[in-house]
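One structure is given below, encoded as structure tokens.
The values are calculated or read from the model by the stated rules, or taken from the named source; none is laboratory data. Quick caveat: nothing in here was measured; it's all calculated off a predicted structure. So basically every Cβ, Gly included, is an ideal-geometry build from the backbone, and we count neighbours across all protein chains shown.
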Amino acid sequence: MHPRRAALLVSIAVVTAPCGAAPAAAQGWPTRPLTMVVPFAAGGGTDVLGRIVGQRLSQVLGQQVVIENVGGAGGMVGSARVVKAEPDGYQFVVGSRADAINQTLYRRPLYNLRTDLAPVILVADQPTVLVTRKDLPASTLPEFIAYTKAHQIGMQFGSAGAGSTGHIDCALLNARIGVNVAHIPYRGGGPALQDLIAGRIDYFCTLSATIIPHIESNVVKPIAVLTGKRVPMLPKLASAGEQGLNDFEASTWFAFFLPKATPDAIVGKLHDATAAAMDTPSLQERLLEAGASVVTPERRSPDYLQRFVESEIEKNSAPIKAAGISME
């Protein structure tokens, strides 16, 4: 063979090899264990959900899903690690509403949630519940709205901290019903809840898993689950929608994301395997016990998650900007 022709063929082979390698790698994926990055400490709500789904996902994929907790900066450190990971499908992150909040809360977020991660699937929702001190003279949402409008100057609501989901949800609720109530940020949901039980603050917006034991113990007064319809984990509590507050949804969501350059075939395989895991009745039961429920099939596509993320960033930015909250 002529030397120049041989050199040309070698050059073509070098250039085209990566193009053929990616589909081949995607076709055989997964051939080894996967790492699920949970960007919060072990034992928290995100960690519990990740472990429940990860266990079943391991069975569906035929490969172990190893949970790795990488906390810091409100979940940004773990997500940023996956942003920088190899886009080979072997490392993904349990993203949540915290990621959307952080895009506005932090002056310099570690990544752009809109563009730096590949959306895979929206997994579950954990609804927010509005509860008040036991002796607040209101038992329904309309009564709460009327009372708060009349007494807002002297009222206070608590949260787990400035920029927390509970703070954002109560701020969104206040804006929706047209009140301006003082916010008391605490160093965690536990201290805020204790002050609510003691009657030092008037109301608190928190996740269902956190508040169910206290509702059952009758130490706080549940007013509404902040969703359009009732939720399975609190079947006796009327929703905001049922009580006249239409089109108001407050919940924390959880979703899977891969590095942005991950081949579509791998994104599709992880999506399908996760959807199969989510459709397992035993997994759904365990999530309900943890205060979460899997999302409906029409909300599971990568395209839906991309649009949802963008809308969540916009929705959560308004109360953060209005409150003038900013973190480095």
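Structure summary
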| read-out | value |
| --- | --- |
| Single residue of the stretch 26-68 satisfying the filter (in a loop (DSSP other than H, G, I, E, B) and small (G, A, S)) that is farthest from R81 (Cα to Cα) | G62 |
| Selection status of A240, outside the structural domain of K221 (by TED's automatic domain parsing) and surrounded by 15 or more Cβ atoms within 10 Å (Cβ to Cβ) | yes |
| Members of the stretch 70-93 found to be modelled with pLDDT of 95 or more, over 19 Å from R108 (Cα atoms) and not polar (S, T, N, Q), listed by number | A85, E86, P87, D88, G89, Y90, F92, V93 |
| Cross-chain or 6+ apart pairs with Cβ under 6 Å, the stretch 314-328 first and in contact (Cβ under 8 Å) with a residue 12 or more places away in the chain, then among the small types (G, A, S) and not in a helix (DSSP H, G or I) | I325/A162; I325/G163 |
| Per-region count, the stretch 60-73, residues in contact (Cβ under 8 Å) with a residue 40 or more places away in the chain and buried (at least 21 other Cβ atoms within 10 Å of the Cβ) | 0 |
| Within the stretch 215-237, tally of residues that are within 17 Å of G158 (Cα to Cα) and surrounded by fewer than 17 Cβ atoms within 10 Å (Cβ to Cβ) | 1 |
| Leading residue by the ranking (surrounded by the fewest Cβ atoms within 10 Å (Cβ to Cβ)) among those in the stretch 126-163 that are farther than 19 Å from E242 by Cα and touching a residue at least 60 places away in the same chain (Cβ under 8 Å) | D135 |
| Count of the stretch 148-188 residues which are hydroxyl-bearing (S, T, Y) and either touching a Gly at 6+ places or on another chain (Cβ under 6 Å) or assigned to a loop (DSSP other than H, G, I, E, B) (or both) | 3 |
| Selected residue (only one of S317, S311, S282 is surrounded by fewer than 18 Cβ atoms within 10 Å (Cβ to Cβ), modelled with pLDDT under 95 and assigned to a helix (DSSP H, G or I)) | S317 |
| Strands (runs of 3 or more DSSP E) fully within the stretch 189-272 counting 2 or more residues that are within 20 Å of the chain's Cα centre (by Cα) | 203-207, 251-259 |
| Of all residues in the stretch 1-59 being β-branched (V, I, T) and at pLDDT 50 or above, the one that is surrounded by the most Cβ atoms within 10 Å (Cβ to Cβ) | V53 |
| Options A171, A175; residue that is touching a helix residue (DSSP H, G or I) at 6+ places or on another chain (Cβ under 9 Å), under 28 Å from R114 (Cα atoms) and surrounded by fewer than 16 Cβ atoms within 10 Å (Cβ to Cβ) | A175 |
